[in-house]
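Working notes for the structure below.
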Amino acid sequence: MDGYIGLLVVIFIICMDARALRQEAEDVYSDIMKYSPRTWTILTLLLFIFVAPWYYYRRYKFLKALGSKTHENLSGDKNIPVEEIGDPEHTMPANLMDSEILTTSGLPNPAKPNPFFPLIIEANGVAMKWFLALNAVSLLYLAFAQVFQVLNTKLLQFAIMSEFSTGVIIYFIYRAIKIRTEEGFWRSLSFKKGNLFFVKSLLVPGTIGLILATVNFWILKSRQTEPSSPLEQALEGRNPLSWSLFLGIALLTAPFLEELIFRGYFFSAIQRIKGTTFAIGSITFLFALSHVGQLWGNWIAILLIFGLALCLTLLRAWSGSTVPGIVTHYAYNTSLVLILPALAL
């Protein structure tokens, strides 16, 4: 199920990305991208494993050509080297794909100017590279699992792929932020100390996490029959290494990294482009969607994860920081995985 959800997300990203590219420079788009956003969407749906890398390569050429064209427009003479253009504030990065961004001042489009084009391209680029890398490593893992049977367990596969997934996207986010701004990685992800730090960042979020975990634990355990889900099937294993990795993810890395990814980087980008309300709705949906594959079949648990996602995103919008969400996430996972089951026993 995770594979189908990931495919739908990639298709949506490619569709939106292609529309942004065509809107920014339709002549360059026609020359390099060739196909309409709708055609790219259909091709990705039919032949994802081949079309997605092909689209990314075309996108690379588009951004490179757009940068060259911009230099020509700024200099007024395509024979003048870029280094000799007078105003350094209006020059473009030498390699657009290295930065995944384009300076707004360097992208004149008198017909349909889009001041958020650089941020859209950056965020879409991070998401596309994330999914491409994840699919490539998934195929490699499945191949190795056929040779080394110790890898052929659901829980171990879940743990390793989860760690790789969060690690690789954090790297892509770090690289994009480092090139785009001198503000700093942590500040760009709104990892900051706000007013009334103890109350807003520790006391209230910790209490919310504990309450949510208690309510959800009671709802899940009060059912007469417990539906099976991929995660619950994986947890039936008895491999100590798999269990150790799973607990390490749930209690140590996932709350911190997931908050930085969803409510740090992507929330900030969507908020700037579409506004706070749209950012709350979209990040809530995307965060919950990233967990649906693990919980497929356990519909009550899926509804509860949507509720958790909404609470975490509202905390981000209310506080202006990712710290409260991180605290709530830690309190929720620790209570649901360790404290409440221990008390129930």
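Of the accessible area of the chain, computed with a 1.4 Å probe over protein heavy atoms only, carbon and sulfur atoms account for 65 percent. Based on the alpha-carbon gyration tensor of region 223-313 and its eigenvalue square roots a ≥ b ≥ c, which shape applies: rounded if a/c is under 1.5, prolate if not and a/b is larger than b/c, or oblate? Judged from the Cα gyration tensor, region 223-313 comes out oblate (a/c at least 1.5, b/c at or above a/b).
[x] 61, 57, 37; [y] 77, 54, 30; [z] 110, 42, 38: which one is Cα extents along the principal axes in Å as calculated from this entry? Only one option fits the structure, namely [y]. For region 299-345 versus region 1-46, the spacing of their alpha-carbon centroids is 34 Å. So for the chain, averaging the separation of alpha carbon pairs under 8 Å that are six or more residues apart and normalising by length, what relative contact order in percent results? Answer for the chain is 19 percent.
The charge dipole of the chain, taken about its Cα centre with unit charges on the Cβ atoms of Lys, Arg (+1), Asp and Glu (-1) only, comes to about 620 debye.
Cα gyration tensor of region 128-222, axes a ≥ b ≥ c as square roots of the eigenvalues: rounded (a/c below 1.5), prolate (a/b > b/c) or oblate? Since a/c reaches 1.5 but b/c is at least a/b, the shape of region 128-222 is classed as oblate. Packing-based ranking of 328-337, 19-28, 147-156 yields 328-337, 19-28, 147-156, ordered from highest to lowest mean Cβ neighbour count within 10 Å. Once you sort the root eigenvalues of the Cα gyration tensor of region 292-338 as a ≥ b ≥ c, which label holds: rounded (a/c under 1.5), prolate (a/b larger than b/c) or oblate (the other case)? Note, shape of region 292-338 comes out oblate. Give me the distance between the Cα centres of region 160-223 and region 268-293, rounded to whole Å. A separation of 14 Å, based on Cα centres.
Each residue, residue 49 and residue 220, gets one label point 7 Å from its Cα in the Cβ direction; the gap between the two is 3.4 nm.
Using a probe radius of 1.4 Å on heavy atoms only, what accessible surface per residue do you get for the chain? Whole Å² is fine. I get 52 Å² per residue for the chain.
The values are calculated or read from the model by the stated rules, or taken from the named source; none is laboratory data. Nothing here was measured: the structure is a model prediction, and the numbers come from that model. No Cβ is skipped: glycine too gets one built from the backbone with ideal geometry, and neighbour counts run over all protein chains shown. We work out accessible area using only protein heavy atoms, side chains counted, and drop any ligands, DNA or RNA first. Shrake-Rupley method; radii C 1.70, N 1.55, O 1.52, S 1.80 Å.
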